[in-house]
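The values are calculated or read from the model by the stated rules, or taken from the named source; none is laboratory data. These numbers were taken from a predicted model, which means no experiment stands behind them. Counting neighbours? That spans all protein chains shown, and the Cβs are built from the backbone with ideal geometry, glycine included.
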There are 2 protein chains.
Amino acid sequence: MVNLRDLDIQQLLTLRAIAEEGSFGGAADVLRFSQSAVSQQAAALEKAVGHQLFNRPKGPKPASLTEAGRILLEHAERILARLEQAGQELDDLAAGTKGRVVCGTFQSVSVELLPTVVGQLLLNSPGVEVELIESKSNAELIDLLVSGKIDVSFLVGPVDDPRLQIIELGQDPMVLLAPRHDEVLIGPDPEVPRTAVPIRELHEQPFIAQREESDHLRVEASLLAAGIKPRYVFRTNDNGAVQAMVRTGAGYSIMPKLSIDETDPDIRIMAFDPPLPKRTILLALRKSGPRIPALQTFIDLSISASSERLDAMPVTVNAMSGSV
Amino acid sequence: MVNLRDLDIQQLLTLRAIAEEGSFGGAADVLRFSQSAVSQQAAALEKAVGHQLFNRPKGPKPASLTEAGRILLEHAERILARLEQAGQELDDLAAGTKGRVVCGTFQSVSVELLPTVVGQLLLNSPGVEVELIESKSNAELIDLLVSGKIDVSFLVGPVDDPRLQIIELGQDPMVLLAPRHDEVLIGPDPEVPRTAVPIRELHEQPFIAQREESDHLRVEASLLAAGIKPRYVFRTNDNGAVQAMVRTGAGYSIMPKLSIDETDPDIRIMAFDPPLPKRTILLALRKSGPRIPALQTFIDLSISASSERLDAMPVTVNAMSGSV
DNA sequence: TCATAAACATCGGATTTACTTATGATAAAA
DNA sequence: TTTTATCATAAGTAAATCCGATGTTTATGA
């Protein structure tokens, strides 16, 4: 049996060239080798496959393939074509028109930000595949990222991992969801509804809460610190359910703005006075390793989509001194 | 763009092994290389394709493929599979269960001898292809044979070409075709028809002749030498037409026995007294070059079929002294 | 018939490639 | 901190590969 390791792509190229040119010397010319080299390659190939591949009529007559040579050539053509194709696809990858991006995400990002990004990406590069892996846990996403199972991930800040490159996309404020025609928190003049609600008015009001979400725990802590204790009338993890409950007037809810379906006409969104702490939304990548262009496009689109949907990051002293 | 010549089948095997084993060291073990060799091969492959193919997490963590690596691996799998297949087909070729035999032939052989041979060959080796190239000219068949366009050819002897190996299959006698119920040449007693006709009785008899066939020219010369001049009433090159004309009683014909459809019930076949010179039927092959097993089978079957359908070769003095 | 040309094989030598072994570097795990 | 499991790198050597020159064979043409 033939041992694959003894074969060589150069030998297949030579086989093809000899078949096309009809002579060793001709093949040598197109391959930019000496005739001697082609002769030696041909001999080596024959030795490797254990069959005579070429008829070598003595004297000034053209060489031709034996039956074994024809069989091998057929396969060689396919193999060389596939190598070409592989090269082409790698080129496409480099050009950003092909590739697969596996992205870690969590619910509030999945609702609107991510669909926008993915939609724009696929619009311009139909050859690109995007796979999403959703998780509630920052830590799990970081693990997947570091281990290479995903290429990029949205995270909730702060994150400080030396293995990761962090891009701060912006801040996602917590907002109050109220029914459209609510009369309690909307302010004295229904014609000019308030855009911010004093948080002390929330005391003892009925609330729909997310269950065990870290966001929610942080919010609760903030309210408690201000001496405010909401009254929870329902708990669920389903964002849509929360929104539906609010719509019916069963209670209010406090949610990250990103999670909300802002097209819902029966819902009013209001800020807080004073504002609750905002979540920082991050995009994280491995520091090392290749970054395919499609991924870079994904990152760029994420940044631009965030600038429209998230609050800007607060300016830090360091950032200020960095410019000038 | 990737230069195919820089790629190497060993590198593809290594790529696959690394992907399967999840580590360079593991791949080295299954490939029976040192870890260093695998590392160098991986680096060389990456350089050749111009993309990083492996994620190499520092420390004791498994290596994985990058997107480029996955793309290349997909193609590598196909390429390796095709190499396997090529090896398998070459093995089949060596075993005689696959291959293509291109055979030169001429009409009288094509009628019955060849179908028998081909039928038996395909019965035992369905993977074998047989292609027939028919020509009237011995010289043309020899050219095709020497130039490698055909692998083997039936010829009419004598042939003495130093480039060819000649196998004498047997002798094909010339026979007289008469209508079944002929009353002229069949002899005095219709119940006991003669099997041989004295050639002098052919003088001035009506004959159907083949046009310009070298066989026929030889026959005519023999008859003329004996002072016999047939009367030609029809000439055609179509054997079937000749036989049909004879059947209707339009005339007799002299044909090589091999060309005749002996199953025709309306035709009587008779020898000559004295016999006309017989044609020697040969099988010719190139002296040099590989002979695939399917071809050898073809040769063997041709010899055995000929021994049933042709007269044995006359024993020569040389052949006699050769034995004992 | 003899020289020429066209084809492939082979030899010898230089260069390049591709292993192996040994060692280094890194980070997780113990 | 030490150990362990990774991969990378360096140095040396064995092998492969290529070129140039030359040899062999056969058809062609003078």
Next on the checklist: So for segment A:278-289 (the condition being closer than 27 Å to A:Pro198 by Cα, among the aliphatic types (A, V, I, L, M) and touching a strand residue (DSSP E or B) at 6+ places or on another chain (Cβ under 9 Å)), does at least one residue qualify?
Outcome noted: yes
Checklist outcome for this item: Pairing a residue in segment B:61-81 that is farther than 12 Å from B:Leu12 by Cβ with any residue that is among the aliphatic types (A, V, I, L, M) and part of a loop (DSSP other than H, G, I, E, B), where Cβ atoms lie under 8 Å and the two sit 6 or more apart in sequence or on different chains, gives B:Leu65/B:Leu53; B:Thr66/A:Ile292; B:Thr66/B:Leu53; B:Glu67/A:Ile292; B:Ala68/A:Ile292; B:Ala68/B:Leu53
Checklist entry - Among strands (runs of 3 or more DSSP E) lying entirely in segment A:200-274, which contain 1 or more residues that are touching a residue at least 40 places away in the same chain (Cβ under 8 Å) and within 19 Å of A:Glu112 (Cα to Cα)? => result A:206-210, A:252-256, A:267-273
Item to check | Conditions (1) facing chain A (nearest Cβ under 7 Å); (2) out of contact with any Phe, Trp or Tyr (no Cβ under 9 Å at 6 or more places or on another chain); (3) in contact (Cβ under 8 Å) with a residue 24 or more places away in the chain: number failed by B:Glu89 | outcome: (3)
Item to check | Residues (over 15 Å from the mean Cα position of the chain (by Cα) and farther than 26 Å from B:Ala312 by Cβ) located in segment B:125-146 | outcome: B:Lys136, B:Ser137, B:Ala139, B:Glu140, B:Asp143
Checklist entry - For the subset of segment A:22-54 comprising residues that are within 17 Å of A:Ala68 (Cα to Cα) and within 7 Å of DNA strand D (Cβ to nearest atom), which member is farthest from the other protein chains (Cβ to nearest Cβ)? => result A:Ala44
Checklist entry - Looking only at segment B:144-160, which residues are of a type in the set (Asp, Glu) and either on the phi > 0 side of the Ramachandran plot or modelled with pLDDT of 80 or more (or both)? => result B:Asp151
Checklist outcome for this item: Flagged in segment B:57-79 as more than 7 Å from chain A (Cβ to nearest Cβ), out of contact with any strand residue (DSSP E or B) (no Cβ under 8 Å at 6 or more places or on another chain) and aliphatic (A, V, I, L, M), in numbering order, are B:Ala76
Next on the checklist: One residue is enough: does segment B:172-183 have a residue meeting the conditions among the acidic types (Asp, Glu) and loosely packed, with under 15 Cβ neighbours inside 10 Å?
Outcome noted: yes
Checklist entry - Pick from B:Leu122, B:Leu141: which is surrounded by fewer than 19 Cβ atoms within 10 Å (Cβ to Cβ) and away from chain A (no Cβ under 14 Å)? => result B:Leu122
Checklist outcome for this item: So the helices (runs of 4 or more DSSP H) completely within segment B:22-115 holding 2 or more residues that are within 11 Å of DNA strand C (Cβ to nearest atom), crowded, with 22+ Cβ neighbours inside 10 Å and of a type in the set (Phe, Trp, Tyr) are none
Checklist entry - Which pairs have Cβ atoms under 9 Å, sit 6 or more apart or on different chains, and link a residue in segment B:28-51 that is polar (S, T, N, Q) to one that is near DNA strand C (Cβ under 6 Å from one of its atoms)? => result B:Gln41/B:Asp8; B:Gln41/B:Gln10; B:Gln41/B:Phe33
